[in-house]
Amino acid sequence: MEQVLQPGLYIVATPIGNLGDITLRAIEVLRAVSAVACEDSRVTGRLLNHLGIKSRMIRYDDHAGEADRDRLLALMREQPVALVSDAGTPLVSDPGYRLVKAARESGIAVTTLPGANAAVAGLTISGLPSDRFVFAGFLPTKAKARENELLELGAVQATLIFYETAPRLAAALKAIGTVLPGREIAVARELTKTFEECITGSAEDVAAHFAEKPPRGEIVLMVGPGAGKSPASTADADEMLRSELATSKPSQAASKVAKLTGLDRKTLYARALELK
Ligand code: SAM
């Protein structure tokens, strides 16, 4: 018997590769809603078709504006509406944040149906510490912005999780090797699919592996935590200063590295002048 759902917004996680990774509850809800808001109706259409579900689809992607949101909000005041993304959990590096915020502000009930997520799936097979982790989405594409972000996140005592693309993996690994030397790396690829693998080692080892065997498909890149409270070594500080000096003045480089490492700013400034 088909379930009768209350009006509102249902956040539904879908598989990240293996179509078996969808919950029984997600299937029931996708069948019972009046509409499924999705990024790409071809992608979601394939999933619904596989599940034998004929629910109407409404496009809601990164380009959705206020008018699209208002239309969906008006619908979900009266009827149950699901939000899915192309794969995995909506809102995680995917659209939905503004819609959920607006729904909550309008007093519309928001219900979650948790399920597959590439970041968590990658973490579970990485062998990296899982007690504290920071998910940071995609690293910036520009080299300087990427280094800055790595410097900032590298100061947090936690495993760092990034989404990455195959063409950008080599540059990301090189930046990690420079900015966060000595960290343990894990690259989880094609999770839940036929060619799932997880390559681990130093940034240099993992880069060498993928230089020989260029990566394909979808990638989660993880960086293990630093050595803890032990102060950054002189060699680490030199690496960081060199990287900063490529685009900043010695005083700025020294301030930034001091902030990140806790080392003395004056000493770092003197060293920056030597390295310049
Ligand atoms: N919302 C999704 C989730 O919950 O995982 C993530 C969407 S984000 C736009 C897409 C990125 O997630 C990909 O570029 C890749 O980094 C990662 N990803 C998605 N599926 C994956 C898979 N099967 N294996 C490895 N990484 C995956």
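The values are calculated or read from the model by the stated rules, or taken from the named source; none is laboratory data. A quick note: this is a predicted structure, and the numbers were derived from the prediction, not measured. So basically every Cβ, Gly included, is an ideal-geometry build from the backbone, and we count neighbours across all protein chains shown. Surface accessibility is based on the protein's heavy atoms, side chains included, excluding ligands, DNA and RNA. Shrake-Rupley method; radii C 1.70, N 1.55, O 1.52, S 1.80 Å.
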| Stokes-Einstein at 10 °C, 1.306 mPa s, Kirkwood radius from Cα pairs: D for the stretch 1-146 in µm² s⁻¹? | 98 µm²/s
| Helical contribution to [θ] at 222 nm, DSSP H n ≥ 4, -39,500 (n - 2.57), averaged over the chain, rounded to 500 | -13000 deg cm²/dmol
| task | At 1.4 Å probe size, with no ligands or nucleic acids counted, give the accessible surface of ASP238 in Å², nearest ten. | result | 20 Å²
| field | Which of THR200, ALA37, SER248, positive extreme of dipole for the chain (C-beta unit charges) | value | SER248
| remark: Rounded to the nearest 10, the angle in degrees between the Cα long axis of helix 265-275 and the longest principal axis of the Cα atoms of the chain comes to 70 degrees
| field | Solvent-accessible surface (1.4 angstrom probe) belonging to SER93, in square angstrom, nearest 10 | value | 50 Å²
| request: With a cut-off of at most 10 other beta carbons within 10 Å, and DSSP calling the residue loop, which chymotrypsin sites (Phe, Trp or Tyr not before Pro) in the stretch 168-276 qualify? Please list them. | output: PHE195
| Any idea what the relative contact order of the stretch 119-223 is, in percent, if you count C-alpha pairs under 8 Å spaced at least 6 apart? | 32 percent
| said: Nothing charged except the Cβ atoms of Lys and Arg (+1) and of Asp and Glu (-1): what's the magnitude of the dipole of the stretch 1-50 about its Cα centre? Round to the nearest 20 debye. | reply: 60 debye
| request: With only Lys, Arg, Asp and Glu charged, each at its Cβ (+1 for the first two, -1 for the last two), find how big the charge dipole of the stretch 44-143 is about the Cα centre; round to the nearest 20 debye. | output: 120 debye
| remark: Scoring the stretch 1-56 by relative contact order with C-alpha pairs under 8 Å, at least six apart, yields a percentage of 34 percent
| query | Roughly what % antiparallel, to the nearest 5, for the DSSP beta bridges in the chain? | reply | 50 percent
| In percent, how large is the relative contact order of the chain, given Cα pairs closer than 8 Å and 6 or more residues apart? | 17 percent
| said: What FRET efficiency comes out for THR178 versus ARG71 if R0 is 35 angstrom and r is the Cβ-Cβ distance? Round to the nearest 0.05. | reply: 0.15
| said: Probe of 1.4 angstrom, ligands and nucleic acids ignored: what's the accessible area per residue over the stretch 4-155, in square angstrom? | reply: 51 Å²
| remark: The percentage of the accessible area of the chain (probe 1.4 Å, all protein chains present) made up of carbon and sulfur atoms, to the nearest whole number, is 52 percent
